[in-house]
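Values quoted throughout were computed directly from the atomic coordinates according to the rules given, and no laboratory measurement underlies them. In this text, all values refer to a predicted model and were calculated from it rather than measured experimentally. With ideal geometry, Cβ positions are generated from the backbone for all residues, glycine too; neighbour counts draw on all protein chains shown.
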Amino acid sequence: MDKTYDPKLHEEKIYTLWEKGGYFTPKIDKNKKPFTIIMPPPNANDPLHIGHARFVAVEDVLIRYHRMKGDSTLWLPGADHAGIETQFVFEKRLKEDGKSRFDFDQNTLYQMIWKYVQENKKTMEGQLRILGASCDWTRGKFTLDPDIVKIVYKTFKKLYDNGLVYKGNKLVNYCTYCGTAYSELEVDRVEKNIPLYYVKYSNADGEFITVATTRPETIFADTHLAVNPKDKKRGKLIGTKVLNPLTNEEMEIIGDEFVDPEFGTGIVKLTPAHDFNDFEAAQKHDLPFIVAINQDGKITTIGKKYAGLTVKKAREEVVKDLQEKGSIEKIDENYKTVVGVCYRCKNTIEPMLSTQWFLKVEPLVKTAREAVISGKIKFAAQRFEKTYLHWLDILRDWNISRQIVWGIRMPVWYCSACSQTIVTDGEKPEFCSNCQSADLEQESYTFDTWFSSGQWPFATLQTTQPGDFEYFYPTSVMETAYDILPFWVMRMIMLGLYATGEVPFKEVLIHGLVRDKQGQKISKSKGNVIDPIVMAEKYGSDALRMGIVWGALVENDISLSEDNIRAQRNFANKIWNVARYITTQSIEPRAKSIEKSKDTSKQDDAWIKEELGKTIERTTVLLEDYRLNEAAEEIYDFVWHKLADVYLEKTKDRQSEAQPTLLFALQESLKLLHPFMPFVTETIWQTLKETKGVEGFFEEEALIVAKWPEVV
RNA sequence: GGACAAGUAGCUCAGUUGGUCAGAGCAUUCGGCUUACAUCCGAAAGGUCACAGGUUCGAGCCCUGUCUUGUCCACCA
C-alpha cells in the first residue's frame, strides 16, 4: 500500500469492478424488501454541476446503505431531454454561428438537437460514474425513448378521453423571445421601475376622468373602463361613456369589484386580451377581446400607425402622441411594480390570447392533496409539506403545450377537410373519424417537458424489465432539490396517482442548494462555479461526496468550500493509513515494549468494541432518519479519534495480541463508511482480501455487497 | 401583503421530543519530521447560544413580542 491514498490510481478500476460485477443490478426477490430511488434525470444539455453532485452524494448513500442491508435495491438512472432548456442552450450555440432556429424546419432542427443531446448524455453518464453513482445502467432511460413517449401518449389520451384535457383559446403567459407559451410556474416575478401614466379620458361634453396605467401602448385596443360599483365616488360613472384618447371611439364604463378604489385613480382601463384581471372581467361582462400585440411582440395591424412597432417603441410613441394631445395629466416615474418575466430568458412575459392545450388540475389536485394529508406520501422535512399544499392551492389549469421543436410532439391530428381534432395514443390515424379524409396534419406543438417528466416514476418502471413495475413501484424515496418541488414533485404525484392509482413514491427527501464558501448562490456570472468533476479529480470523489454530505442537514443549503473537501481527502487518507498500519506493520512485539497488565489490555479492547457498537447503532439510526451529516460525523469521529488516535496508539506495543480487534474494527468501519466514501473503502477492502494474515476478515467478494454491521 | 427558514466559537454548520448540549470541521496559537499517515501527532485559545419578556426545579431547545438575513408565493391597473 502506498504511503498516501491516491484516488486517481483506484477510482476508475473500482467502478469498473462494481459495474462488471453486476452489483448495481438488483434481482427481483419476493422474499426481500425492494428499495427504489428513481434518479432525477439530469438535463442532457450540459455537463453536471455541483448540484448534481449533491444528489449523487445523498442518493448514493441511501442506495448503498440499503443494498448492504440486503434490500433489493434499485437506483434507476436517466436523462432528461429538458425541452425549452435544451432548445435555449442550443439556440445560443446557433447564434454563435450566426444562425437562428428559423433557418431550419422543424424536423431538421429536431435532428440537430437530438445529435447534440446524445453527445451530452454520454458525457453526463460518464460523470455520474466518476462520482461513483451506483445506479443500474442496464435500466437507464431517456425521456425521449420511444417506449417512454408511448406511455406519455397513453396518459394524454386517457386524460383527453376523460375530459381532463381540453384545447382552449385563453390568456396564457407568452414569451415573445422564446416564442412559446408557458404555464404560470415558468413565470418569475421581479420588481421593476415602470412609469405609471395618468391618462385623461374625456366625454362628449368635454369633462374628463383620469385613468392610471402602466401600459399606454394598448390604449388604442381598449373598449371599456371599469370602476368598483361599491365606490361611492365613482360608482355613478357606471354606464356613462368617454372617448378613447387615441381612437376617439366611445368607451363604456362598467362596474366590477376587482377594481380597487384606493389604487391609482380608482378607474381601470380594460385590455382583456393582455391582462389576466381584465380577461376575467371581460368574460363576465361579455366584452370583446381585441388583440393588440402579436406573438412576435409587436403591435398588430389594429394599431394602425403603431402597427409593427415593438411594445417598448410603441409605448414611447403613444405617450408622445398623448402628450401632444394634452391627454397625459402626469407621469409617476418612480412607480415600482411586479412584472412577470420568462424564467429562462428574463424577458417580460406578455399575457396573450392563444390557443393552447390545458390540463384540468382540480380533480388531480384533490387526490394529490389527499395523498400527503393521509400520510401515504411523507416529506422527510415536514416544512416542505406546507409548501407543497400551498402550491396545490394556487394551481390553475396547466398549459401543457409548448411552441418549441425540442420535445414530444403532441399526438393530435387535424383534418384539413373538416377541421376535426383527433387525439390518438401516438399513431397517426389513417382517416378522419368525421369525414374520412386522409388529409391529416399533426399538431406542431410539443408537450411541456414537465408533463412527461411528471410521469417518470411509472413510465420508467413500466418500460425497463417485466415485473419491475409490480415489484419496485411505488418507489421508496424521491430525492430532489426544493426548487423543483412545484414543477416536478407535485406533477409526479398528480399524474402518478391518476395513471396508476398509486402514489409514485412513499417519501420525499428534499435537499438544499449548494452555495459557495460565503453562502452565495453559485452562478456563472458570479464566477464562483465549483465544478464537481474538477474537485473529484483534485481530491477524489470520496472527498467531494463526504464534503457535500458533511456540510449541513440534507434539506438545508450548504456552503461548500475547497477546505471542506480537502479535509475529507485527508480523512480518506486516514482510513487508508489505518489499514496500512494494521496490515503492513510487523506484528511482532516491539523491543521497547512495556509489559502491560492483562486487565488494562482487556479494558482497552472492550472499550473500542463498545465504541464501535455505539457508532454502528447511532449511524444506523441516523441514516434511517436521513441525518446524513450526523451519520458522517459519527463515523469520522470513531475512525479518526477513537480507532486511530486512541486504540491504535494504545496497542502499538502489543499489536499481535490486538490484531483481531484491530481487524474487526477496521472491517466494520469500512462498512459504515462505504456509503459515504465508496472508492477508498472498496479499494482497501479489495487490497486486504488479497493480504495474508487477515483470514476470517474481509471475506465478502466486494464491500459494496458486504452485510451492513449489526451491534453484537 | 402573506408563507417558510435561519440568526450558536473568526468562518461554515450540528445540537431529534427541555436536564454531561455548550459541540464538529476549517482557520488561529504553542510544541513535535514519534518506524500508519506532516493529507500527520500532542496541547491550547475561542461563544452571556440575535434581543426582551414568560413557562419550568431547570431552556439554544417550549410560549409571546422585537430586530436582522435569506428564500418562496401574491393578477392591484
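Based only on Cα atoms, what mean projected area does the convex hull of region A:82-231 have, in nm²?
Working: hull surface 71.5 nm².
If I average the Cα hull's projected area over directions, I get 17.9 nm².
Using the alpha carbon gyration tensor of region A:509-651, what are the three equivalent-ellipsoid semi-axes (square root of 5 times each eigenvalue), largest first, in whole Å? Working shown, then result.
Details: eigenvalues 282, 71, 19 Å².
Ellipsoid semi-axes (Å, largest first): 38, 19, 10.
Cα axis of helix A:276-285 to longest principal axis of chain A: angle in degrees, 0 to 90, nearest 10?
Roughly 50 degrees, rounded to the nearest 10.
Output the 0 to 90 degree angle, nearest 10, between the alpha-carbon long axis of helix A:7-21 and the longest principal axis computed from the alpha carbons of chain A.
80
May I ask you to sort A:MET68, A:MET535 by Cβ crowding, counting other Cβ atoms within 10 Å and putting the fewest first?
On the way: A:MET68 21, A:MET535 24.
In order of increasing Cβ crowding within 10 Å: A:MET68, A:MET535.
What are the equivalent ellipsoid semi-axes of region A:67-116, built from the alpha-carbon gyration tensor (square roots of five times its eigenvalues), in whole angstrom, biggest first?
Working: eigenvalues 287, 24, 11 Å².
Over the Cα atoms of region A:67-116, the ellipsoid semi-axes are 38, 11, 7 Å.
Taking the alpha-carbon set of region A:447-488, what are its Rg and Dmax in Å?
For region A:447-488, the Cα radius of gyration and maximum Cα-Cα distance read 11.8, 34 Å.
Normalised by the number of residues in chain A, what is the relative contact order in percent for Cα pairs under 8 Å and 6+ residues apart? Let's see the in-between values first.
Values: 1261 pairs, mean separation 114.5, N = 712.
Normalised by residue count, the contact order of chain A is 16 percent.
For chain A, divide the Cα radius of gyration by the Kirkwood radius and give the resulting Rg/Rh value with two decimals. Walk me through the numbers on the way to the answer.
Details: Rg = 32.1 Å, Rh = 29.4 Å.
Rg/Rh: 1.09.
What shape does region A:594-694 have by the C-alpha gyration tensor, where a ≥ b ≥ c are the square roots of the eigenvalues, rounded means a/c under 1.5, and otherwise prolate means a/b greater than b/c and oblate the rest?
Oblate shape, in that a/c is at least 1.5 and b/c is the bigger or equal ratio.
Using only alpha carbon pairs under 8 Å that are at least six residues apart, calculate the relative contact order of region A:608-711 and give it in whole percent.
Working: 83 pairs, mean separation 31.3, N = 104.
Answer for region A:608-711 is 30 percent.
Out of residues 5 or more away from A:ASP275 or on other chains, whose amide H comes under 5 Å of its own, with H placed 1.01 Å from N in the peptide plane?
Hits under the 5 Å cutoff: none.
Determine ³J(HN,Hα), in whole Hz, for all residues of region A:201-208 in sequence, where each value follows from phi through the Karplus function 6.51 cos²θ - 1.76 cosθ + 1.60 and θ = phi - 60°; x replaces Gly and Pro.
10, 9, 9, 4, 7, x, 6, 9
Can you give me the Kirkwood hydrodynamic radius for region A:327-379, using every pair of distinct Cα atoms, in Å to one decimal? Show your work: numbers first, answer last.
Numbers: mean 1/r = 0.0615 Å⁻¹.
Kirkwood radius, region A:327-379: 16.3 Å.
Just flag the trypsin sites (Lys or Arg not before Pro) in region A:160-245 sitting in loop per DSSP whose Cβ has no more than 11 other Cβ atoms within 10 Å.
Working: sites: A:LYS167, A:LYS170, A:ARG189, A:LYS192, A:LYS200, A:LYS230, A:LYS232, A:LYS233, A:ARG234, A:LYS236, A:LYS241; in loops: A:LYS230, A:LYS232, A:LYS233, A:ARG234.
The qualifying sites are A:LYS230, A:LYS232, A:LYS233.
How do A:VAL578, A:VAL117 line up, fewest other C-beta atoms within 10 Å first?
A:VAL578, A:VAL117
Suppose only helical runs count, i.e. DSSP H with n ≥ 4. What mean residue ellipticity at 222 nm does that imply for chain A under -39500 (n - 2.57) per run, divided by all residues and rounded to the nearest 500 deg cm²/dmol? Intermediate values should be presented prior to the final figure.
Details: 20 runs with 275 residues, N = 712.
Value at 222 nm, helices only: -12500 deg cm²/dmol.
Determine one quarter of the surface area of the Cα convex hull of region A:187-249, which equals its mean projected area, and express it in nm² to one decimal.
For region A:187-249, averaging the hull's shadow over all directions gives 5.9 nm².
If the reach is capped at under 18 angstrom between alpha carbons, list the lysines near A:LYS13, excluding any in the same chain fewer than eight residues apart.
Partners within reach: A:LYS538, A:LYS689.
Please report Rg (one decimal) and Dmax (integer) in Å for the Cα set of region A:472-534.
For region A:472-534, the Cα-based Rg and Dmax read 16.1, 46 Å.
Could you work out the per residue convex hull volume over the alpha carbons of region A:18-166, in cubic angstrom?
Values: hull volume 23.3 nm³, N = 149.
About 156 Å³ per residue, rounded to a whole number.
What number, in percent, do you get for the relative contact order of region A:79-233 if the mean sequence gap of Cα pairs under 8 Å and at least 6 apart is divided by its residue count? Mind dumping the intermediate values first?
Numbers: 65 pairs, mean separation 20.7, N = 155.
Computed value for region A:79-233: 13 percent relative contact order.
Let me know the whole percent of all Cα-Cα pairs from region A:419-522 that are separated by more than 21 Å.
Working: 2942 of 5356 pairs.
In whole percent, the share of Cα-Cα pairs in region A:419-522 beyond 21 Å is 55.
For chain A, with only Lys/Arg (+1) and Asp/Glu (-1) charged at the beta-carbon, what is the dipole magnitude about the Cα centre, in debye rounded to 20?
Working: 94 positive and 104 negative charges, 111 e Å.
Dipole about the Cα centre, nearest 20: 540 debye.
Please give me, ordered by residue number, the chymotrypsin sites (Phe, Trp or Tyr not before Pro) of region A:390-462 that lie in loop per DSSP and have at most 13 other Cβ atoms within 10 Å. Show your work: numbers first, answer last.
Numbers: sites: A:TRP391, A:TRP398, A:TRP406, A:TRP413, A:TYR414, A:PHE431, A:TYR445, A:PHE447, A:TRP450, A:PHE451, A:PHE458; in loops: A:TRP406, A:PHE431, A:TYR445.
Qualifying residues, ordered by number: A:PHE431.
Roughly how large, in nm² to one decimal, is the mean projection of the convex hull of the alpha-carbon atoms in region A:505-580?
Approximately 6.7 nm², given one-decimal rounding.
How far is helix A:562-584 tilted, in degrees, relative to the longest principal axis of the Cα atoms in chain A, given as a value from 0 to 90 rounded to the nearest 10?
Rounded to the nearest ten degrees, it is 20.
Amide H neighbours of A:GLN420 under 5 Å, at least 5 residues apart or on other chains, H built in the peptide plane: list them.
A:CYS415
Using only the Cα atoms of region A:4-47, what semi-axes does the equivalent ellipsoid have when each is the square root of 5 times a gyration tensor eigenvalue? Give whole Å, largest first. Don't skip to the answer; put the middle values down first.
Details: eigenvalues 144, 84, 18 Å².
Result for region A:4-47: semi-axes of 27, 20, 9 Å.
Would you please give the residues with an amide H less than 5 Å from that of A:ASN399, counting only those at least 5 places away or on a separate chain, with H modeled from the backbone geometry?
A:GLU184, A:LEU359
In region A:117-183, how does Rg compare with the Kirkwood Rh, expressed as the Rg/Rh ratio over alpha carbon atoms?
Values: Rg = 18.2 Å, Rh = 15.8 Å.
Result for region A:117-183 is an Rg/Rh of 1.15.
Looking at the calculated P(r) for region A:660-712, what percent of the C-alpha pair distances fall above 16 Å? Provide the component values of the computation, followed by the final result.
Details: 432 of 1378 pairs.
Taking all Cα-Cα pairs of region A:660-712, the fraction more than 16 Å apart is 31 percent.
Counting only other residues whose beta carbon sits under 13 Å from that of A:ARG402, what net charge do I get with K and R as +1, D and E as -1? Walk me through the numbers on the way to the answer.
Working: positive: A:ARG344, A:ARG409; negative: A:GLU85, A:GLU186, A:GLU443, A:ASP448.
Neighbour charge sum, excluding A:ARG402 itself: -2.
Quick one: Karplus J couplings for region A:377-389, per residue in order, coefficients 6.51, -1.76, 1.60, θ = phi - 60°, nearest Hz, x for Gly and Pro?
Each residue of region A:377-389 in turn: 10, 10, 9, 4, 9, 4, 4, 6, 5, 4, 4, 4, 5 Hz.
Dipole of region A:622-712 (Lys/Arg Cβ +1, Asp/Glu Cβ -1, origin at the Cα centre): which of A:VAL711, A:HIS641, A:ASN629 lies farthest to the positive side?
Towards the positive end, the residue furthest out is A:HIS641.
Any idea what diffusion coefficient region A:1-94 gets from Stokes-Einstein, in µm²/s, Kirkwood Rh on alpha carbon pairs, 25 °C, 0.890 mPa s? Walk me through the intermediate numbers first.
Details: Rh = 16.1 Å.
Value of D from the Cα-based Kirkwood radius: 153 µm²/s.
Starting from the Cα gyration tensor of region A:201-295, take the square roots of the eigenvalues, sort them a ≥ b ≥ c, and report rounded, prolate or oblate (rounded when a/c is under 1.5, otherwise prolate if a/b is larger than b/c, else oblate).
Numbers: a/c = 1.61, a/b = 1.18, b/c = 1.37.
Oblate.
Per residue of region A:28-39, what does 6.51 cos²θ - 1.76 cosθ + 1.60 with θ = phi - 60° give for ³J(HN,Hα)? Whole Hz please, x for Gly and Pro, Karplus curve as stated.
With the stated coefficients, region A:28-39 comes to 6, 9, 4, 7, 10, 7, x, 10, 10, 10, 8, 5 Hz.
Expressed as a fraction of 2.2 N^0.38 Å, the rule-of-thumb size for a compact globular protein of N residues, what is the C-alpha radius of gyration of region A:370-449? Don't jump to the answer; show the numbers that get you there.
Values: Rg = 19.6 Å, N = 80, 2.2 N^0.38 = 11.6 Å.
The value comes to 1.69.
Sort out for me the Cα centre separation of region A:682-712 from region A:283-342, rounded to whole Å.
Cα centroid to Cα centroid, the span is 73 Å.
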